[in-house]
1. Select, from ASP139, ASP184, the only residue that is under 30 Å from ASN67 (Cα atoms) and in contact with a strand residue (DSSP E or B) (Cβ under 8 Å, 6 or more places away or on another chain).
2. Could you list, in sequence order, the residues of the range 260-282 that are over 16 Å from GLY307 (Cβ atoms), open to solvent by less than 10 Å² (accessible area, probe 1.4 Å) and touching a Phe, Trp or Tyr at 6+ places or on another chain (Cβ under 9 Å)?
3. When you look at ALA310, is it of a type in the set (A, V, I, L, M, F, W, C) and away from the ligand (no atom under 14 Å from the Cβ), yes or no?
4. If you scan the range 147-157, which residues turn out to be within 11 Å of the ligand (Cβ to nearest atom) and not β-branched (Val, Ile, Thr)?
5. Taking the conditions exactly as written (over 22 Å from ALA89 (Cβ atoms), in a strand (DSSP E or B), open to solvent by 30 Å² or more (accessible area, probe 1.4 Å) and at pLDDT 95 or above), does ARG341 satisfy them or not?
6. Condition test on THR225, is it among the hydroxyl-bearing types (Ser, Thr, Tyr), away from the ligand (no atom under 16 Å from the Cβ) and free of Cβ contacts under 8 Å to residues at least 40 places away in the same chain?
7. So, GLY113, is that one under 23 Å from GLY317 (Cα atoms), within 16 Å of the ligand (Cβ to nearest atom) and open to solvent by less than 20 Å² (accessible area, probe 1.4 Å) or not?
8. Suppose the filter is modelled with pLDDT of 95 or more and closer than 29 Å to GLU167 by Cα; does PRO46 pass it?
Amino acid sequence: MNVGIDKIGFFTPNYYVDMVDLAHARNDDPNKYLIGIGQTEQAVIPNTQDTVAMAANAAVQILDDDNRDKISLIILGTETGIDNSKSGAIYLQNLLGLSRHARAFEIKQACYGATAGIQMAKDFVNLHPDQQALVVGADVARYGVETPGEVTQGGGAVAMTIAANPEIMKLSKNSSVYSDDIMDFWRPMDRTEALVDGHYSNDIYQQFFVKTIHDYLETNDMQLTDLQALVFHLPYTKMGLKGLREILPEVDEAKQKSLLNEFEASRVYSKRVGNLYTGSLYLSLLSLLDNSTDLKVGDQIGIFSYGSGAQGEFYTGELQAGFKNPIRKANMEKMLDSRTRLSVSEYETMLNQWPKLDAGDYTLDVKNDKAEFTFNGVSESKRQYQSKN
Ligand code: COA
């Protein structure tokens, strides 16, 4: 049976900072950010959009009369969850009006959580082909003003439905995984900003990529040339390029050129949004689907997921008849193009307005937030959300 990604939707809030502006403010050469890091714009997340609100804003785009009643598994992959106990998936179920007869829970393993959710959802749908799963990767990537990680911040959510006979992509039965206890990126319980050993993380990412892709190709009796394109977890887009360059010497010049072209298509959106943590890989998949001009039905796409700490997984997907969707692409471009460009000082103010962990009860002003779902503050230690519809 064919099981895979049936629909995919994305949300990022209405603000960004231009990376040339940020480079000037930090007395850096803009080309370090544009070429060395591979980012042109970075999403700035207002305090009225948290992981749950962004997840709901992404998911609502892919729910319809057909799939709404079939969804009986709701998984939120996140490493910036909003509660130490209750999962964001339960809030999501309620905000989206999904069936109460569903399993709803959250998965954490750094940027790998959404992939864990997809794999679990795939197995679930294989057993229950009449049902569907909603898997969302949502995060706010924060390192802080004037930190080395500042150029790799961002935020947003990618939502996917996993179904039998999917419109977009059939997922491979097998995958290759590799994990090890690595301190490359973590966020202690008392912090809202992550700690990262960025250069070490780069090295581990590349090692895990090479190990898992080679293992996958060998155990599934495939060649690199069988893959039309590769998509990567993109905390910043240069990181995926570094991974790709590790394996390019294994194919001839024409294939190298083709893989590099597809990679450019896969990083169009991430360049403009920055890091989404769990959603980053799937934003690069969405970018590939929307921006590649060479893909066709039946093509095999290699998918590399990485979550610091660290877990790697490589699997593949086969494009299905509905993988191109001009309306989805137009909406995506509209969302990105209509954002407000903040000055660096406005961005710093917004970043520093993020609620402290011990902020207690507070009410946020949501009138400037045009998104359908907003986070409105905390009352009696309970988070408050609002749907504008
Ligand atoms: N023009 C073009 N490229 C330039 C340049 C210029 N003027 N100046 C520097 N560069 C290049 C460097 O050569 C380097 O390229 P390379 O990675 O291919 O070697 C790149 O820009 C970055 O420069 P570097 O000096 O390494 O930057 P940095 O020490 O500020 O660190 C990160 C960059 C990405 C490591 C840092 O921002 C970070 O730790 N981010 C967090 C990453 C993360 O989230 N990891 C975990 C999740 S998987």
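1. On the way: ASP184 fails: under 30 Å from ASN67 (Cα atoms).
Only one candidate qualifies: ASP139.
2. PHE263, SER266, TYR269, SER270, VAL273, GLY274
3. Working: of a type in the set (A, V, I, L, M, F, W, C): yes; away from the ligand (no atom under 14 Å from the Cβ): no.
Criteria not met by ALA310.
4. Initial filter on the range 147-157 (within 11 Å of the ligand (Cβ to nearest atom)): 147-154.
The answer is PRO148, GLY149, GLU150, GLN153, GLY154.
5. Values: over 22 Å from ALA89 (Cβ atoms): yes; in a strand (DSSP E or B): yes; open to solvent by 30 Å² or more (accessible area, probe 1.4 Å): yes; at pLDDT 95 or above: yes.
Yes, satisfied.
6. Numbers: among the hydroxyl-bearing types (Ser, Thr, Tyr): yes; away from the ligand (no atom under 16 Å from the Cβ): yes; free of Cβ contacts under 8 Å to residues at least 40 places away in the same chain: yes.
It is true that THR225 is among the hydroxyl-bearing types (Ser, Thr, Tyr), away from the ligand (no atom under 16 Å from the Cβ) and free of Cβ contacts under 8 Å to residues at least 40 places away in the same chain.
7. So GLY113 passes the test.
8. Numbers: modelled with pLDDT of 95 or more: yes; closer than 29 Å to GLU167 by Cα: no.
When the stated conditions are applied, PRO46 does not pass them.
The values are calculated or read from the model by the stated rules, or taken from the named source; none is laboratory data. Quick caveat: nothing in here was measured; it's all calculated off a predicted structure. Because the Cβ atoms are built from the backbone with ideal geometry, glycine has one as well, and the counts that use them run over all protein chains shown. Remember, those area values only see protein heavy atoms, side chains included, never the ligands or the DNA or RNA. Shrake-Rupley method; radii C 1.70, N 1.55, O 1.52, S 1.80 Å.
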